[in-house]
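Heads up: the structure comes next, in structure tokens.
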Amino acid sequence: RATDLRPGPPQRLAGSRPNIVFIMSDDQGYGEMSCHGNPILRTPHLDRLHAQSLRFTQYHVSPTCAPTRSALLTGRHEFRNGVTHTIFERERLRLDAVTLPDVLRTAGYTTGIFGKWHLGDEDAYLPEKRGFDRVLIHGGGGIGQTFPGSCGDAPGNQYHDPVLWNGSRFEKTRGYCTDVFFDRAGDWMADCQAQGKPFFAVVTPNAPHDPFVIPGESWAAPYRNRGLSTNAVAYYAMIAHLDAAIGRLMARLDALQLSQDTLVIFQTDNGHSVGGVFNAGMRGVKGTPYEGGIRVPAFWRWPGRLPAGTDCAALTAHIDLFPTLATLAGADFRHVQKQVEGSSLVPLLENPQAPWAD
């Protein structure tokens with residue numbers, strides 16, 4: 001059925017208990033979509049999501065991936081989570097941290113993660129021990145990547161037919177990694193719907209993180225002979241393919257008649273890592289504290305509940321996600337108030353022009 005994107009009458013959102021789909025791509029910068037002015041890359045599904053969403057246009061994250069992920073899951077800045085880097089044992093989320101899925105489960109949600117975890121590969125740090133009911137992840141910071149210490153993926157792992165950890169064992173899968181993560185997430189959401197359970201789905205593909213492995217030549221062909229480096233061609237191909245996977249997941253939500261009851265959030269984890277490509281006029285890239293390293297897209301789509309095609313310029317950040325989603329879910333997180341350093345964005349979701357502290 002067609003999704004009605006018109007906002008309903010003003011209504012309070014706290015405790016409204018939507019399903020939540022949180023999509024975060026890896027190393028995709030603010031300028032890596034055509035709706036943000038990229039002159040070469042075509043992203044029709046992200047463009048459509050952008051048009052249907054409330055957009056936080058001054059939304060900031062950490063300069064690299066594991067720090068951002070730790071802040072999102074705890075509502076607390078990365079260094080206080082013990083996460084100071086992406087390798088050398090510095091990516092492990094401290095074990096006394098209470099995570100967002102921990103809190104959402106107390107409100108009756110079932111939780112799943114599909115893609116990149118990157119907050120510790122030792123047993124005690126794995127997502128099934130940190131609040132996630134359903135797990136399908138690769139190890140380390142990228143598929144096939146291993147560093148001294150415990151940060152590493154399955155040996156010899158590949159983007160095509162990857163070996164993934166499913167919460168209890170390693171599983172050989174079939175297909176390109178991005179497709180595996182999105183399709184398995186869609187299957188799990190359908191199962192949750194059949195069981196009548198509200199769900200929190202974290203879909204965190206490794207794409208377009210390096211190494212730059214294209215899903216197929218047809219995805220790269222439009223970007224060849226455009227003055228791009230070899231890496232940039234593959235990088236754009238991976239994003240175009242990711243865009244199609246996002247479109248497929250959105251269509252599945254429609255087919256399952258879940259769209260009206262589901263908040264979809266899209267963002268990226270930091271700026272891009274490929275030099276010489278469009279950067280939306282911003283200074284810096286991944287790993288820097290400048291806007292090009294830390295300002296990322298943030299699209300929030302909830303048909304009939306959030307205003308579509310609306311920009312909110314309030315200064316916001318990754319640490320705000322925890323209190324926002326916990327509040328929407330009606331979860332009691334008073335026991336972790338000292339941990340949470342962010343602010344609930346619910347007032348801005350209800351009124352994008354609401355007063356907001358600088």
Would you mind telling me which numbered condition in (1) outside any helix (DSSP H, G or I); (2) closer than 21 Å to residue 320 by Cβ residue 32 fails? (2)
In this structure, does residue 38 turn out to be within 23 Å of residue 350 (Cα to Cα), of a type outside the set (Ser, Thr, Tyr), touching an Asp or Glu at 6+ places or on another chain (Cβ under 8 Å) and modelled with pLDDT of 95 or more? no
So is residue 288 open to solvent by 10 Å² or more (accessible area, probe 1.4 Å) and farther than 21 Å from residue 260 by Cα or not? yes
When you check residue 263 against the structure, is it within 20 Å of residue 115 (Cα to Cα) and among the hydrophobic types (A, V, I, L, M, F, W, C), yes or no? yes
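So that you can scan it fast, the table gives a plain yes or no per residue for (1) within 15 Å of the chain's Cα centre (by Cα); (2) crowded, with 21+ Cβ neighbours inside 10 Å; (3) touching a residue at least 24 places away in the same chain (Cβ under 8 Å); (4) assigned to a strand (DSSP E or B):
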residue	(1), (2), (3), (4)
62	yes, yes, yes, no
76	no, yes, yes, no
103	no, yes, yes, no
120	no, yes, yes, no
124	no, no, yes, no
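Looking at 86, 74, 111, can you tell me which residue is of a type in the set (Val, Ile, Thr) and within 23 Å of residue 186 (Cα to Cα)?
Of the residues listed, the single one that is of a type in the set (Val, Ile, Thr) and within 23 Å of residue 186 (Cα to Cα) is 111.
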Report the residue count in region 158-216 for those that are closer than 25 Å to residue 107 by Cα, among the charged types (D, E, K, R) and touching a residue at least 40 places away in the same chain (Cβ under 8 Å). 2
Got a sec? Which of 205, 222 is out of contact with any Cys (no Cβ under 6 Å at 6 or more places or on another chain) and open to solvent by 10 Å² or more (accessible area, probe 1.4 Å)? 222
Hey, any hits in region 160-175 for a residue that's among the acidic types (Asp, Glu), open to solvent by less than 50 Å² (accessible area, probe 1.4 Å) and out of contact with any Phe, Trp or Tyr (no Cβ under 9 Å at 6 or more places or on another chain)? no
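State which residue is farthest from residue 26 (Cα to Cα) when the search covers only region 239-275 and only residues that are of a type in the set (Ser, Thr, Tyr) and open to solvent by less than 10 Å² (accessible area, probe 1.4 Å).
Result: 259.
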Residue 283 vs. criteria in a loop (DSSP other than H, G, I, E, B), in contact with a helix residue (DSSP H, G or I) (Cβ under 7 Å, 6 or more places away or on another chain) and at pLDDT 95 or above: yes
Checklist (1) modelled with pLDDT of 95 or more; (2) assigned to a loop (DSSP other than H, G, I, E, B); (3) surrounded by fewer than 20 Cβ atoms within 10 Å (Cβ to Cβ) applied to residue 303, failing item: (3)
Criterion: more than 25 Å from residue 305 (Cβ to Cβ) and in contact with a strand residue (DSSP E or B) (Cβ under 7 Å, 6 or more places away or on another chain) - qualifying residue of 253, 242: 242
Residue satisfying condition, being open to solvent by 10 Å² or more (accessible area, probe 1.4 Å), in contact (Cβ under 8 Å) with a residue 12 or more places away in the chain and within 21 Å of residue 81 (Cα to Cα), within set 317, 331, 313, 308: 317
Just checking, does region 344-357 include any residue being over 19 Å from the mean Cα position of the chain (by Cα), surrounded by fewer than 19 Cβ atoms within 10 Å (Cβ to Cβ), closer than 17 Å to residue 60 by Cα and free of Cβ contacts under 8 Å to residues at least 24 places away in the same chain? yes
Residues in region 312-341 that are among the aliphatic types (A, V, I, L, M), assigned to a loop (DSSP other than H, G, I, E, B), in contact with a helix residue (DSSP H, G or I) (Cβ under 6 Å, 6 or more places away or on another chain) and under 23 Å from residue 64 (Cβ atoms) total 1
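The values are calculated or read from the model by the stated rules, or taken from the named source; none is laboratory data. In this text the structure is predicted, and so the values were computed from the model without any measurement. We place every Cβ from the backbone using ideal geometry, glycine too, and count neighbours over all the protein chains shown. Side chains included, ligands, DNA and RNA excluded: accessible areas come from the protein's heavy atoms. Shrake-Rupley method; radii C 1.70, N 1.55, O 1.52, S 1.80 Å.
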